[in-house]
Each structure stands twice: as C-alpha cells, then as structure tokens.
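To keep things clear, I will list the structure first and then write my remarks on it.
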Amino acid sequence: MKFKIKTEDLKNIVSTVSRIVDPRPASPSLQGLYFKTSENIIEIIGSDLDIVIKAKAQAEVEIEGEALINARVLTDIVRKLPRGEVVFSDIGSELRVEQNKLNFTLRKLDEKTYPEALLETNYENEKSLEINPNELFDSLKKVGIAASPEGGRPILTGVYFNNEDEKTELAATDSYRLATHELTNFPIKDAGILSFRSLNETAKIFEQTDGPISINSTERELHFYNEKFSASIRKLEGSFPQYGNLFPKETLFSIEVNKSEILETLDRATVVAEGFIPVKIEIADSETLKITTVNKDIGGGNEEVSIKTLGVNLDDLSGFEMSFNPNYFMQGIEVLDGDTVYIRFSGNEKPVVIQGEVEDYKYLLMPVRTNQWKTKNQKKLM
C-alpha cells in the first residue's frame, strides 16, 4: 500500500474515526484504525463494537492495500503534521510516514485479526431511505440528556424509537427523569433502542456535512451514511420500560416563567449547591417563585423569580414547595425552544412535567425528598 494525501483531509477523517476507538478494548485489534485504499480513495474504519465509523477522502493511490495502525499513535502524529501533503508506504511490518524532511515508521497491527463484520457495507442498498437529519439530531439532543451514562442497566443508556400510533417518539430515561420528543418525519419503523453515546457521535459526524443522508435498518444495526461518512450503530437488546403511564394524568397547577431568568437563577444557585445538593423551589405568591439552596459546608441563599400561576387559587398553594437535583432541573429547561417555560405540578411528592412553547417535547423529573439534602434520596420513576 502506498498513497499521498493532503494533511488537512487526513486530519479530518482520522480525528472523526479515532474518537470512538476504545484504548483498552477486549481485542487488541480494536485499538487500531483500519486503512483501505482503492481507486484514489482512502477509507479509515474504527469501532468500539457498539458503533462502526467509516470515513473516506481523496488520495493519490499508487499501490492499493490495507493496514491496521494503533489509533492513539496515529492520531497524535497526524494532528501534529504541518500543512501540505504526506505519503504513507507499507514496508512490511511497518507503515512509513514521509513529508518533506519528516520520516516516521509506525508498527502495524495484524489486519487479519480485525473483525471482518466491521468492514461490511451491505447496508448500502435499495432499502435505504433518504432523510434530512436536522430534525432527528435536534431531537436526540433534547431526549439524550435523560439517558443514563455508561454502566448500570444497559437499556437505560439508550434512546428508544417508539413507533406506536403511526408516529415516532424518541424516549430516554435514567429512572430519575424521562424525556420524550415526537418526530414528524422519520421513515424507519424498526430502529429499536440505540446507545445515546453512539447516536451523539453520529450526530457530530454528519453535522459537519451538508445535505440529506441515507439511513437503513438491518436486524442488528441502524446505519447512517453519505458519500464521505458512515456510522453503523448496534441495536441494544432488551425491552425499554413502559413509560406512558408515568406522566401525571391530572395537574394541580402550572407556572409560566421566562426561560433565561430561571436558568440564570438556577445557575447562581448551583455555585452553592455544588455536587448533588438539591435546590428548593417554593411558590411565594401568585407572581413569585422562590429558589433556595443550603450547603452546610459553604453557605446558602435564595433568589426570587417572576412567574405567572395557572389553574389554581393561590390559597390552595400555601406552603407548597419541592426540591430537585439542580443540574437535572436546568438540563430539562436548557433544551427547550422559545423563551417561555411551563412547569406542571401534580403534588409535592409527584414528578413535575417541564415543557416549552411547543408541546411535542416533555421532560418528567422526580423530586428529591425535602427533609434530607442528599442525592440518594431522589425518588425514582421506575
């Protein structure tokens, strides 16, 4: 294998693929980036087994071939190459990198040990459908905040593509909160449950490109691709929790509040409520929400926010207060479109529903027990 490529093109595809490579994988071959060259195209492949990313770039290919190179070492070298062109040559057990006065050799990994299934492209066929990805990626940003981080229950690290009632609704939960968003035009009906981390990496890839992308669902994976990039995400096994009945059927009252004002107030409160110390919200009167935080090691304080109370007589709210994880509370508000936030209350021990001006997005958040200021006392939805 021997090819010449512009360093800026090489940096783009190497950085795109390498960030999903696990530095400590179960198989040593998965530490590598897989190179394939053909007809003046170089393709680089990387995977952590949950997602496979492939990226292509134009190159002057003198000798076609394949090679597997340690992702971390290659990424570090490529990132530091000056502008211009660089030549890669296969010299047996090593890959030579040459540019002007620069001459490196990189020890190759055994490309024959790389999982063959990761190299397949049989999803590029007539079953593929073309979509404009902007709505999907925007929806993922909204619901992904509620997905559980890696570890724990694997199914809760995913986003569920729910296709009941002739519509597609995305849902994610970490058992303390739940986010749902309805898509208006998503053609795949068997996407299943996909890792949010993998979906987020996919969004980062295609957000740097223009135009529509192709999408195809196979038995075990959901595939996204265009002429330059592809991402194949493994579907998670298992059943997503039944969540429809978690939303309160009755609302005691709601408040309307300016998005920027409440976010700025909560942000100041988190200075004192470091870590996982909750913030307390209290209906002071029909036009005032009081936000209080107490940290026995640092101090405390409170701040008032202007609100409009909807659907209840103020006399019914005497002493109404709740406490929440401030980061969870803020995250549910930050992703809302528009300038107005609506918060629906069904009781001071029941979850609240946070929505914006458009009702296709809902964020359900459980409170923290108000008598004890510890994260472990936050209630679970399921």
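The values are calculated or read from the model by the stated rules, or taken from the named source; none is laboratory data. In this text, all values refer to a predicted model and were calculated from it rather than measured experimentally. Using ideal geometry, Cβ is built from the backbone for each residue, glycine included, and neighbour counts are taken over all protein chains shown.
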key: Cβ pairs under 8 Å, 6+ apart, first in the range 181-207 and assigned by TED's automatic domain parsing to the domain that holds residue 147 and under 16 Å from residue 236 (Cα atoms), second among the small types (Gly, Ala, Ser) and assigned to a loop (DSSP other than H, G, I, E, B)   = 193/238; 196/147
message = With the requirement that a residue be touching a residue at least 40 places away in the same chain (Cβ under 8 Å) and either among the hydroxyl-bearing types (Ser, Thr, Tyr) or buried (at least 17 other Cβ atoms within 10 Å of the Cβ) (or both), what does the range 37-55 give you?
response = 45, 47, 50, 51, 52, 53, 54, 55
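Just to confirm my filter: which strands (runs of 3 or more DSSP E) fall fully inside the range 208-249 and include at least 2 residues that are of a type in the set (Gly, Ala, Ser) and modelled with pLDDT of 95 or more?
Details: elements: 213-217, 221-225, 229-234.
Counting at least 2 such residues, we get 229-234.
May I ask you to say which residue of 43, 62, 66 is at pLDDT 95 or above, outside any helix (DSSP H, G or I), closer than 22 Å to residue 100 by Cα and in the same structural domain as residue 9 (by TED's automatic domain parsing)?
Sole residue among the options that is at pLDDT 95 or above, outside any helix (DSSP H, G or I), closer than 22 Å to residue 100 by Cα and in the same structural domain as residue 9 (by TED's automatic domain parsing): 62.
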ask   = Are any residues in the range 170-185 out of contact with any His (no Cβ under 7 Å at 6 or more places or on another chain), at pLDDT 90 or above and on the phi < 0 side of the Ramachandran plot, and if so, which ones?
value = 171, 172, 173, 174, 176, 177, 178, 179, 180, 181, 182, 183
remark   = Of those in the range 195-221 that are surrounded by 13 or more Cβ atoms within 10 Å (Cβ to Cβ) and small (Gly, Ala, Ser), the residue nearest to residue 131 (Cα to Cα) is 214
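Can you confirm whether residue 57 is closer than 24 Å to residue 208 by Cα, modelled with pLDDT of 95 or more and assigned to a strand (DSSP E or B)?
Numbers: closer than 24 Å to residue 208 by Cα: yes; modelled with pLDDT of 95 or more: yes; assigned to a strand (DSSP E or B): yes.
The answer is yes for residue 57.
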query = Where residues in the range 127-172 are of a type in the set (Asp, Glu) and part of a helix (DSSP H, G or I), which of them is surrounded by the fewest Cβ atoms within 10 Å (Cβ to Cβ)?
reply = 166
inquiry  = Which condition from (1) closer than 30 Å to residue 219 by Cβ; (2) loosely packed, with under 14 Cβ neighbours inside 10 Å; (3) assigned by TED's automatic domain parsing to the domain that holds residue 22 is the one that residue 124 breaks?
reply    = (3)
request  = Return the residue satisfying two criteria in turn: it lies in the range 179-194 and is buried (at least 22 other Cβ atoms within 10 Å of the Cβ) and touching a helix residue (DSSP H, G or I) at 6+ places or on another chain (Cβ under 8 Å), and of such residues it is nearest to residue 138 (Cα to Cα).
outcome  = 181
task = Just one of (1) within 30 Å of residue 366 (Cα to Cα); (2) free of Cβ contacts under 8 Å to residues at least 24 places away in the same chain trips up residue 220, so point out which.
result = (1)
